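So the structure is just underneath, and the comments pick up after that.
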Amino acid sequence: MSATLPLSALPVDAAGLLQFSREVAEARAQGQPIVALESTIITHGMPFPQNVETARQVEADIRAAGAVPATIAVLDGRIRIGLDDVDLDRLGQATGVMKCSRADLAIAIATGRPGSTTVAATMMAAHLAGIAVFATGGIGGVHKGAETSFDVSADLDELSRTPVCVVCAGAKALLDIPKTLEVLETRGVPVVSYGVDEVPAFWSRTSGLPSPYRMDSAEDLARLIRARQIFGDHGGVLVANPVPTEAEIPQAEMAGFINAAIAEADRRGIRGKTVTPFVLALIFELTKGRSLVTNIALVRNNARLAAAIAVALTGS
Ligand code: PSU
Ligand code: MN
């Protein structure tokens, strides 16, 4: 059974907002497995030119694993499902691209401003497009100090409401991972670590926190997604896939860089949606580029697992 829905299942206005690349349109028509990809990682998560190179590499990884990549962004007032090379370059080099989460997506569409999509907005778009599996680097979560700042990513709410499986490398240790897991549990989101017992922490394979669940194959994850579908639009599934060992920066080493970057963000009064991009850029400097090498390795690793899940879903 194909994981994509016919466009005719959508309200007319929603269908008219989506613009599919030729590759994704063909994949939909033929019922091939498709993996959605976000674009905030391109515009706000990595520097140029590594951002565009990585985006292309990740797409190639998905094709090599037997699925079709669909990078999602907003361009010229429409949600683009699948970007060609020209669009990717345009997005990767543009300045002033809106970082679109749930609250921002309709603004970018209505104003015609270019927008990249976060995990939350990519889930919304993927669901509209009938794509059930999505690969990213790290999800947003509960920020450290959220008890005073109230900074909790809309990604968590979206996971609780939108039926898309998100494959990530865990939550970044610049977030409060225990609180992030608590919120996911409260909102009813299954968190499944892939092949490990602990929840991975993005740059590091370990967090010291036991994972709520563990699965060891893409087929098992596909069965979980199918079982979740029984309940209708009951939200997503979060798969936490640890960074490959050879690319890992161990937790103890990472903690110093993270604390220094958060302290600097505090000192400069950085707040809200600019916190994550600022902290990521500073960690890149503090680690002399090593954090980016790790980031690229983990995104590629997630793309391969997401493709395997999409293939397993299509075959089931
Ligand atoms: N983690 C990364 N790179 C990123 C992001 C997270 O390593 O670029 C982005 C993702 O798009 C994620 C978003 O959905 O940051 C979360 O932002 P916020 O906390 O403002 O919701
Ligand atoms: Mn936030």
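What follows is calculated from the coordinates using simple rules that are stated; it is not laboratory data. None of these values were measured; they are calculated from a predicted model. Heads up, the Cβs are rebuilt from the backbone with ideal geometry, glycines too, and the neighbour counts pull from every protein chain shown.
Scoring 180-188, 194-202 by mean Cβ neighbours within 10 Å over their residues and listing the highest first yields 194-202, 180-188.
Taking packing as the residue-averaged number of other Cβ atoms within 10 angstrom, the listed peptides 206-216, 18-28 run from highest to lowest as 18-28, 206-216.
Summing charges over all other residues whose Cβ lies under 14 Å from the Cβ of A154, with Lys and Arg as +1 and Asp and Glu as -1, gives -1.
What does the charge count around T43 come to, taking other residues whose C-beta lies under 14 Å from its C-beta (Lys +1, Arg +1, Asp -1, Glu -1)?
Values: positive: R80, R90, K99, R113, K273; negative: E38, D87, D89, D104.
Computed value for this residue: +1.
Tell me, V119, V97 in order of fewest to most beta-carbon neighbours within 10 Å? Before the final figure, lay out each step's value.
Working: V119 29, V97 23.
Starting with the residue having the fewest Cβ neighbours, the order is V97, V119.
The dipole here belongs to the range 1-129: it is taken about the Cα centre, uses +1 on the Cβ of Lys and Arg and -1 on the Cβ of Asp and Glu, and is about 260 debye.
Tell me the net charge near R205. Cut-off is 10 Å between Cβ atoms, R205 excluded, with +1 for each Lys or Arg and -1 for each Asp or Glu. Numbers along the way, then the final one.
On the way: positive: none; negative: E198, E248.
Once all neighbours under 10 Å are counted, the net charge is -2.
In the chain, which helices (entire DSSP H runs) extend 15 Å or more along their own long axis, judged by Cα positions, while averaging at least 0.0 on the Kyte-Doolittle scale? Before the final figure, lay out the partial values.
Numbers: long enough: 50-64 (20 Å, -0.83); 218-229 (17 Å, -0.54); 251-267 (23 Å, 0.12); 275-286 (16 Å, 2.16); 290-315 (38 Å, 0.88).
Helix filter hits for the chain: 251-267, 275-286, 290-315.
For the range 256-316, chymotrypsin sites (Phe, Trp or Tyr not before Pro) are listed when DSSP marks them as loop and at most 15 other Cβ atoms sit within 10 Å of their Cβ; the list is empty. Considering only V293, V189, V167, the Gaussian network model of the chain with Cα springs below 10 Å gives its largest mean-square fluctuation to V293. Under 17 Å Cα to Cα from K179, which lysines show up? Leave out anything in the same chain fewer than 8 places away. Straight-line reach from K179, under 17 Å: K144. Can you grab the distance from the C-alpha centre of the range 118-157 to the C-alpha centre of the range 1-79, Å, no decimals? A separation of 17 Å, based on Cα centres. The modelled label-to-label distance between A227 and N259, using points 7 Å beyond Cα along the C-beta direction, is 4.0 nm.
Would you calculate a helix-derived [θ] at 222 nm for the chain, using -39,500 (n - 2.57) for each DSSP H run of n ≥ 4 and dividing by the full residue count, to the nearest 500? Working shown, then result.
Working: 13 runs with 145 residues, N = 316.
Value at 222 nm, helices only: -14000 deg cm²/dmol.
Packing around the peptides 127-137, 33-43, 108-118, taken as the average count of other Cβ atoms within 10 Å per residue, puts them in this order, highest first: 33-43, 127-137, 108-118.
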